[in-house]
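> Questions regarding the structure given below will be posed in turn.
The values are calculated or read from the model by the stated rules, or taken from the named source; none is laboratory data. Here the structure is a predicted model, which is why all the values come from computation and not from measurement. Ideal geometry is used to build each Cβ from the backbone, glycine not excepted, and the neighbour counts take in all protein chains shown. Keep in mind that these areas ignore ligands, DNA and RNA; they rest on the heavy atoms of the full protein, side chains included. Shrake-Rupley method; radii C 1.70, N 1.55, O 1.52, S 1.80 Å.
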2 protein chains.
Amino acid sequence: MRAITQAAGANLGAVTYHFGSKWRLYVAVLDGLLAELAGRVEAAAATAGVAPDRLRRIVAAYFAFFAAHPEAARLILHQLTRGTPPPEPALRNLRRVLVAIAAVVRDGATARELRPIEPLLAAFTIVSQSVWFAAAHSLLPAIAGSVHAPLGADLSATVERHVGDVVTRGLAAGEEPI
Amino acid sequence: MRAITQAAGANLGAVTYHFGSKWRLYVAVLDGLLAELAGRVEAAAATAGVAPDRLRRIVAAYFAFFAAHPEAARLILHQLTRGTPPPEPALRNLRRVLVAIAAVVRDGATARELRPIEPLLAAFTIVSQSVWFAAAHSLLPAIAGSVHAPLGADLSATVERHVGDVVTRGLAAGEEPI
């Protein structure tokens, strides 16, 4: 709290005065971030084109969001490690994300561009890979060590393309794989 | 520390006596879990059959590991939120996982069952979805709310099948998708 109020040029009581409590400040910050994320995902989902392209733009929206807010991934993971559901304003924005992804998945199934799939599962695949990369990417070189060649200077662009490939191929209509 | 030593029927000094410090106890617990995980993944990777089937068994190994150790996902996420690389014994076991997955990905590319892909990216896709589900599954009903129908009684089996589908389809050899 001291670090936050100092960075804001305010006194220690400012958080209580403006937000009511430390918890409510946390909820306000989380809510602000997730509202922006939901807006980006809704905009990507509403673009024209075939469903696989719109899914790829949703993945791009996630990567752009985390590039703009590198601290957001750790905040979201922190929510998960608490083991209790996020506060209601955060839930409302997470549901906006689900609704936007669900619309694309349903359009794609109708047009036979995507296989019919529970939208929550499609959302799960997009969200898990995007958040995980945002949280873990700074640790990847240490984890990969000498096992793997480096993935190139622009790791983020490489992984974004990979996640886009896996999502579109993984959800594409077509033959059963082996 | 009090809770841990009490559960072990030991006195408060036992951790320092046996492990040297609280940090070293943490490292030992993390290392023990990741050694088991690496063993399960290596066994799945070493099974006979086509590469897509072996990838599916690796996904199953992750889900079985987290079913046996529900607390492990939060411990791993906690590592990520620290923002510093895991301690060396943990890294060694994470690299065993990467090596096992890389072998399957290379066999699959050689046999043209999988498209040629950087093994680290394939591992990323498998690990991110598996750990995310283990950490988030108890929160999914609250997040999905009224947006989605429930995914059935055995959520874990449904998601395991879905992740297996996405991984095998997403990495399969074949036509470029739309």
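> As an exercise: evaluate B:N93 against (1) surrounded by fewer than 17 Cβ atoms within 10 Å (Cβ to Cβ); (2) more than 18 Å from A:T125 (Cβ to Cβ) and give the number of the one condition it does not meet.
(1)
> So, in the range A:40-53, how many residues would count as being part of a helix (DSSP H, G or I) and open to solvent by 30 Å² or more (accessible area, probe 1.4 Å)?
Within the range A:40-53, the subset part of a helix (DSSP H, G or I) is A:40-45, A:51-53.
Filter again for open to solvent by 30 Å² or more (accessible area, probe 1.4 Å), leaving A:40, A:42-43, A:53.
Number of matching residues: 4.
> Quick check on A:V99: is it closer than 17 Å to A:V41 by Cα and open to solvent by less than 30 Å² (accessible area, probe 1.4 Å)?
Values: closer than 17 Å to A:V41 by Cα: yes; open to solvent by less than 30 Å² (accessible area, probe 1.4 Å): no.
No: the conditions fail for A:V99.
> So which of B:A72, B:A102 is farther than 26 Å from A:T158 by Cα and touching a residue at least 12 places away in the same chain (Cβ under 8 Å)?
Values: B:A102 fails: farther than 26 Å from A:T158 by Cα.
The match here is B:A72.
> Restricting the first residue to the range A:121-135 and requiring it to be more than 15 Å from B:D165 (Cβ to Cβ), which pairs with a second residue that is open to solvent by 20 Å² or more (accessible area, probe 1.4 Å) and among the polar types (S, T, N, Q) meet a Cβ separation below 8 Å and a spacing of at least six or different chains?
A:F133/A:S156; A:A135/B:T81
> Just for the range A:102-118: of the residues that are in a helix (DSSP H, G or I) and open to solvent by less than 10 Å² (accessible area, probe 1.4 Å), which one is farthest from A:R54 (Cα to Cα)? Working first, answer last.
If we filter the range A:102-118 for residues that are in a helix (DSSP H, G or I), which is where we start, we get A:102-110.
Cutting the leftovers down to open to solvent by less than 10 Å² (accessible area, probe 1.4 Å) gives us A:102, A:104-105, A:108.
Working: A:A102: 12, A:V104: 7, A:V105: 9, A:G108: 9 Å.
Result: A:A102.
> Can B:L91 be described as closer than 17 Å to A:A142 by Cβ and at the interface with another protein chain (Cβ under 7 Å from one of its Cβ atoms)? Explain how you work it out, then say what you get.
Working: closer than 17 Å to A:A142 by Cβ: yes; at the interface with another protein chain (Cβ under 7 Å from one of its Cβ atoms): yes.
Answer is yes for this residue.
> Moving on. Is at least one residue of the range A:58-65 under 14 Å from the mean Cα position of the chain (by Cα), assigned to a loop (DSSP other than H, G, I, E, B) and within 14 Å of another protein chain (Cβ to nearest Cβ)? Break it down into steps so the answer makes sense when it comes.
Step one: filter the range A:58-65 for residues under 14 Å from the mean Cα position of the chain (by Cα), giving A:58-65.
Checking which are assigned to a loop (DSSP other than H, G, I, E, B) leaves us with none.
Within the range A:58-65 (the criterion being under 14 Å from the mean Cα position of the chain (by Cα), assigned to a loop (DSSP other than H, G, I, E, B) and within 14 Å of another protein chain (Cβ to nearest Cβ)), the answer is no, since none of the residues qualifies.
> Name the residues in the range B:159-173 that are surrounded by fewer than 21 Cβ atoms within 10 Å (Cβ to Cβ) and either without any contact (Cβ under 8 Å) to a residue 40 or more places away in the chain or at the interface with chain A (Cβ under 7 Å from one of its Cβ atoms) (or both), would you? Spell out the reasoning first.
Taking the range B:159-173 as the starting set, the residues that turn out to be surrounded by fewer than 21 Cβ atoms within 10 Å (Cβ to Cβ) are B:161, B:165, B:173.
Residues satisfying the conditions are B:R161, B:D165.
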